[in-house]
Structures are given as structure tokens and as C-alpha cells.
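This report concerns only the one structure given below.
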Amino acid sequence: MVFLRINDNKVQVKKMAEMEELDSAKKDMYAWTAKYAEKAGYYLNPDAGMLDLVLEGMATNHLRHGKKYCPCRIVTGDEKEDKKIVCPCVYHKDEIETNGSCHCELFFKKEQ
Ligand code: SF4
């Protein structure tokens with residue numbers, strides 16, 4: 001029984017470390033996206049829950065794959081193709097111009 005408790009504690013410590021790592025990566029993603037939005041003349045999704053979801057997906061991709069892959073698109077493993085979906089993806093400017101936001105609804109067009 002003591003052995004199980006030690007293992008449970010190890011699992012909990014590992015999960016806490018992973019959560020802290022994800023949290024830190026999310027903060028980095030937020031800082032980067034906010035800076036990019038400001039520079040590009042966009043604004044970030046004002047819905048805090050949606051924004052958090054997108055940033056968490058991007059942070060997870062960054063931790064898993066080492067790049068800020070779009071959380072709303074599939075990483076194929078084909079380096080040339082996947083390069084197109086590193087945020088900000090090659091599609092975002094057209095999407096924002098046409099739809100008012102990028103596919104993930106991370107970046108929104110400012111009204112003139
Ligand atoms: S759709 Fe938006 S969030 Fe996804 S990669 Fe393109 S710019 Fe980034």
C-alpha cells in the first residue's frame with residue numbers, strides 16, 4: 001500500500017509539472033500573439049474562454065512538436081506542408097480580410 005501511495009505521489013508530481021509547463025507555454029503564446037496582433041493591426045479574440053482554448057492548443061503543439069503549429073489544423077509530418085501552418089499561418093491574412101478573423105478565431109480585423 002505504501003508503494004502505491006509513493007507511485008500516486010510521483011504521478012501527481014509529474015502531472016503538476018506538466019501543467020506548470022503548459023501554463024508557462026500558454027503565457028509565452030499569449031505574449032507572442034498579443035505582440036503580433038498589435039504589430040499587424042489585429043486584435044485577439046475578446047472571448048477569454050475561446051482565446052484560452054486556442055492558446056492552449058498552440059502551446060500543446062509547441063511542447064509536442066517544437067513549433068507553434070495552428071491548433072485548428074492537422075500536423076501531417078510533411079515538413080514542407082506543416083511549415084504553412086506555423087502560426088501565423090500562410091492563410092491568416094486572406095482569412096482575416098475575407099471573414100474578419102483567422103480560421104481559429106485568434107486574430108480579428110480591427111474596424112477602420
Ligand atoms: S488560423 Fe489563426 S491561430 Fe491558426 S495558425 Fe493561422 S493565424 Fe494562427
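Just so it is clear, none of the values below were taken in a lab; they were calculated from the coordinates. No experiment lies behind these values; they were computed from the predicted model shown. Heads up, the Cβs are rebuilt from the backbone with ideal geometry, glycines too, and the neighbour counts pull from every protein chain shown.
Count Lys and Arg as plus one, Asp and Glu as minus one, and take only other residues whose Cβ is under 11 Å from that of G100; the net charge is then -2. Mean-square fluctuations from a GNM of the chain, with a 10 angstrom spring cutoff on Cα atoms, peak among G100, G41, G77 at G77. Computed over the chain, the Cα gyration tensor eigenvalues convert (square root of 5λ each) into semi-axes of 33, 17, 10 Å, ordered from largest to smallest.
So how tilted is helix 48-65 from the main axis of the chain? Cα-based, degrees 0 to 90, rounded to 10. The answer is roughly 70 degrees. Near L51, once Lys and Arg are set to +1 and Asp and Glu to -1 for all other residues with Cβ below 11 Å from its Cβ, the sum equals -3.
Taking the C-alpha atoms only, the angle from helix 2-40 to the longest principal axis of the chain is near 10 degrees. Packing here is the average count of other Cβ atoms within 10 Å per residue, and on that basis the peptides 23-32, 102-111, highest first, run 102-111, 23-32.
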